[in-house]
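Asker: Input: one structure, supplied below.
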Amino acid sequence: MKNTIFYFFTFLLIAFSSLAYSQTPKWINYTHSTIVTAFAKEGNLLWIGTDKGLISINQLTGEKKCDDEWNSGLPNNRVISIAIDKAGNKWIGSYCGEGIAKFDETNWTV
């Protein structure tokens, strides 16, 4: 009886350890760049500045939005800083003196 219990638990240990090693963690790239230059969090939204624009990600839905100088009011694709004020305005600093953009979820102001 003791041998049967021993073999049963040994089998379970081997089975569970093989399952643990067979699962490869999946990394998700939320940006369209390899360089992250700024980061801010607002509620469930993550704001990520990159050298190719601004990405917002809804942590609950997984929805991702990419803004750059061609589809938004960003003066430059190289975002170097992000700040969010109490009114919810996003202040985005861009590289090389191109200016600061303010985004209020509707309008862009440089």
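Asker: Can you find even one residue in segment 31-47 that is at pLDDT below 90, surrounded by fewer than 14 Cβ atoms within 10 Å (Cβ to Cβ) and not hydrophobic (A, V, I, L, M, F, W, C)?
Answerer: Yes, segment 31-47 contains a residue that is at pLDDT below 90, surrounded by fewer than 14 Cβ atoms within 10 Å (Cβ to Cβ) and not hydrophobic (A, V, I, L, M, F, W, C).
Asker: I've got another one for you. Working carefully through the options Asp67, Asp85, find the one that is acidic (Asp, Glu) and over 16 Å from the mean Cα position of the chain (by Cα). If you could, list the steps in order and put the result at the bottom.
Answerer: Numbers: Asp67 fails: over 16 Å from the mean Cα position of the chain (by Cα).
Just a single option satisfies the conditions, and that option is Asp85.
Asker: Among Ala87, Ala83, which is the only one that is under 17 Å from Asn107 (Cα atoms), loosely packed, with under 12 Cβ neighbours inside 10 Å and modelled with pLDDT of 90 or more?
Answerer: Values: Ala83 fails: loosely packed, with under 12 Cβ neighbours inside 10 Å.
The match here is Ala87.
Asker: Can you work out which of the residues in segment 90-110 that are among the β-branched types (Val, Ile, Thr) and either closer than 16 Å to Ala38 by Cα or within 17 Å of the chain's Cα centre (by Cα) (or both) is surrounded by the most Cβ atoms within 10 Å (Cβ to Cβ)?
Answerer: Ile92
Asker: Out of the residues in segment 54-80 that are farther than 16 Å from Ile35 by Cα and charged (D, E, K, R), state the one that is modelled with the lowest pLDDT.
Answerer: Filtering segment 54-80 for residues farther than 16 Å from Ile35 by Cα gives 57-65, 69-75.
Then keep just the ones that are charged (D, E, K, R); that gives 63-65, 69.
Details: Glu63: 91, Lys64: 91, Lys65: 91, Glu69: 88.
Top of the filtered list is Glu69.
Asker: Follow-up question, since we're still on this one. In segment 75-110, how many are hydroxyl-bearing (Ser, Thr, Tyr), farther than 19 Å from Gly43 by Cβ and in a loop (DSSP other than H, G, I, E, B)? Walk me through how you get there before you give the answer.
Answerer: At the first step, the residues of segment 75-110 found to be hydroxyl-bearing (Ser, Thr, Tyr) are 81, 94-95, 106, 109.
Subsequent filtering for residues that are farther than 19 Å from Gly43 by Cβ retains 81, 94-95, 109.
From what is left, the residues that are in a loop (DSSP other than H, G, I, E, B) are 95.
Summing the residues that are hydroxyl-bearing (Ser, Thr, Tyr), farther than 19 Å from Gly43 by Cβ and in a loop (DSSP other than H, G, I, E, B) in segment 75-110 gives 1.
Asker: A follow-up question, please. So which of Ala101, Ala87, Ala83 ends up being touching a Gly at 6+ places or on another chain (Cβ under 7 Å) and of a type in the set (Gly, Ala, Ser)?
Answerer: Within the list Ala101, Ala87, Ala83, the selection yields Ala101.
The values are calculated or read from the model by the stated rules, or taken from the named source; none is laboratory data. All values reported here derive from a predicted model rather than from experimental measurement. Here the Cβ is made from the backbone with ideal geometry for all residues, glycine too, and neighbour counts use every protein chain on show.
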